[in-house]
Amino acid sequence: MDRRSVLAVVLSIAVILIFQMFFLPKREPQPPMAGRDSAGVSAPMATGGSSQQTLSEPGSTPYQSPSGLGPAFETAETEEREIRVQTDLYEAVFTNLGARLLSWRLKPYADPVGQWVQLVPPSEGQLGLTVQTDQGPVDLRRTLFSARQESRSDGGKRIRFEARSGSATVTKVFELPPTGYLIDAQVQIEGLTDAESYRIGWTGGIPRAERNEKAYHTALAAMVLKGKNKENVHPGSFKNQSEKLVEGNIRWAGVRNKYFMAVIIPPESSSNRVVVTGSNEPKRVGAEIVMPVSGGDARHLFRVYLGPMDYEMLKAQGYSLESAVDLGFKIFRPVAQLLQTVMFWMYRYIPNYGVVIIIVSVLTKVIFYPLTRSSLKSMRAMQRLQPEMTALREKYKKDNARLQQEMMGLYKKHGVNPVGGCLPIFLQMPVFIALYQVLANSIAMRSAPFFGWMHDLSSPDTIATLGGFDIHVLPIILFGFTVLQQVWTPVGDPRQKMIGYMMPLVTLFIFYGFPAGLNLYWTINSVVTVAQQWVIHREDPATHPLPVKA
């Protein structure tokens, strides 16, 4: 293997390591879920004055309005109470303390303990309001609102919250349709003469819903779609600060974990600021959209998506919500979208994503077989030229220009392309990277079984645990075929064989913690590669590094 081929191997390893760094960081401790049941939902609140204290911060005092806003907001309510709404897709719990969402559990999806996936963080109501006034911020998240629930003609629900302070009124209306994960949240402010703006958002992130803790911490982020560009802000960005301001044409903002998200969509061209909040320890993120208040009044209708990061579902909703799904670098996204569409189409007829992954892996290798064949033959040709190349390097070791001239002459004489072994590898990389992104981020892989011990393609294929160490089968199989692949790959300089033999160990180390879907793809890829090498060597035994029977 010449230096260019070695460079190709090193770069391939580098690509894998880069993905390892970005997608599988070091494990971080999960914040405790004290005060929650196994599903992550607050226990029912007691009635009476103590219920309001349940959600109050330690040492907090009742809100008193600054001058110009009149007395504290008043309602007919005397205690905190919950309003519960259920559809076939979710169970929602609202509280009149701050007119906030207290719980949102997705019925079609289960967490690691078998409960419905919870999107609202422990002890944190969401979609509350904070009003910025001349006198400072007014936190309405601790204000008791009057609450009324109504049924809609389409079978959905309407929840109306209202609080008054003299001539000032704050109203929030939530519209929950009978189907889908997209709801409406209307905010109306009247008579708050000192108000300049208000914030509405989602703080604290989304609780972990996967067994794979690394995947959770990697994906946890605040998201802001600014024009056509999406910005992700992870907890690690808040080592020295607690807030970051994102400015521009805000189309939506929210938070995500590995497979689920909560996103707020303001009226078109109504906001140009988002305050992203968070902390690195414990891991927390949030996004609050800043909305204008003019002359003490404001009226805005928001759309709020609270559900799975399903690409096709999000695309059908509009608002460019599908851009929340990470399909990798912009240059590779068209390929990833095509592969994803093909896989979804195949699943309609073959309802097993493990089988679909195998078929896609085989098809990609068949499509690229001419490149693989060309690469292997070119590498073998370079191997045959190694003695002459070594002699030229020794002869012209002090004249680099002459050496390059003689080398090119040697290549031309024997009809060898010096980059012929590397180029096919790089031509295939966009497909490999795009397919990696699809398998790593598609919610279709979540809890998708294959067969036997592989019950979830989004998690490692653990067959047993010995002494606290998980045994994963696919990475071990992948290691074996990678060794065989390296043995059958032509190597010119014997000193470079160690580099090739290190590749399987590096592969085993990196891939050992990967989800089963990814490892299934890479394993089938290696199996087919070895099979193609065998076929090529049968066609031309001279290209085989070991004796091959005709």
Quiz item: So how long is each side of the stretch 50-326 along the principal axes, counting just the alpha-carbon atoms, biggest first, in Å?
Solution: 50, 41, 38
Quiz item: Which of the peptides 208-217, 241-250 is most tightly packed, and how do the rest follow, going by the mean number of other Cβ atoms within 10 Å of each residue?
Solution: 208-217, 241-250
Self-check item: Cα gyration tensor shape for the stretch 316-454, rounded if a/c is under 1.5, else prolate or oblate
Solution: prolate
Quiz item: When the dipole is taken about the Cα centre of the stretch 330-459, and only Lys, Arg (+1) and Asp, Glu (-1) are charged at their Cβ, what size is it in debye, to the nearest 20?
Solution: 440 debye
Quiz item: Looking at Ser271, Phe238, Thr218, which one has the Cα that reaches farthest to the positive end of the dipole of the stretch 50-326 (charges on Cβ: Lys, Arg +1; Asp, Glu -1)?
Solution: Thr218
Practice problem: Just rank Lys330, Lys377, Lys107, fewest to most, by other beta-carbon atoms within 10 angstrom. | Solution: Lys330, Lys107, Lys377
Exercise. Would you mind working out the magnitude of the charge dipole of the stretch 50-326 relative to its Cα centre, with +1 at each Lys and Arg C-beta and -1 at each Asp and Glu C-beta, to the nearest 20 Debye?
Key: 580 debye
Exercise. Given the peptides 110-120, 366-376, 218-228, arrange them by the average over their residues of other C-beta atoms within 10 Å, most packed first.
Key: 218-228, 110-120, 366-376
Self-check item: Segment Ser167-Val366, length gained on full extension (0.36 nm per residue, minus Cα span)
Solution: 64.3 nm
Quiz item: At what distance in angstrom do the alpha carbon centres of the stretch 406-476 and the stretch 235-272 lie from each other?
Solution: 33 Å
Exercise. Using only Cα atoms, locate the centre of the stretch 163-184 and the centre of the stretch 304-331, then give the distance between them in Å, rounded to an integer.
Key: 25 Å
Self-check item: Gain on full stretching of the segment that runs from Lys228 to Phe426 - 0.36 nm per residue minus C-alpha separation
Solution: 68.4 nm
Quiz prompt | Unsatisfied cross-links (Cα-Cα over 32 Å) in the set Lys107/Lys283; Lys330/Lys397; Lys214/Lys244; Lys157/Lys283; Lys172/Lys315 | solution = Lys330/Lys397; Lys157/Lys283
Exercise. Can you figure out the FRET efficiency of Glu190 with Gln149, using R₀ = 25 Å and their beta-carbon distance, to the nearest 0.05?
Key: 0.65
Exercise. Rounded to the nearest 0.05, what FRET efficiency do Ser374 and Phe451 give with R0 = 30 Å and r taken as the Cβ-Cβ distance? Could you check?
Key: 0.25
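FYI, it's all coordinate maths here, none of it is from the lab. All values derive from a computational prediction rather than experimental measurement. So basically every Cβ, Gly included, is an ideal-geometry build from the backbone, and we count neighbours across all protein chains shown.
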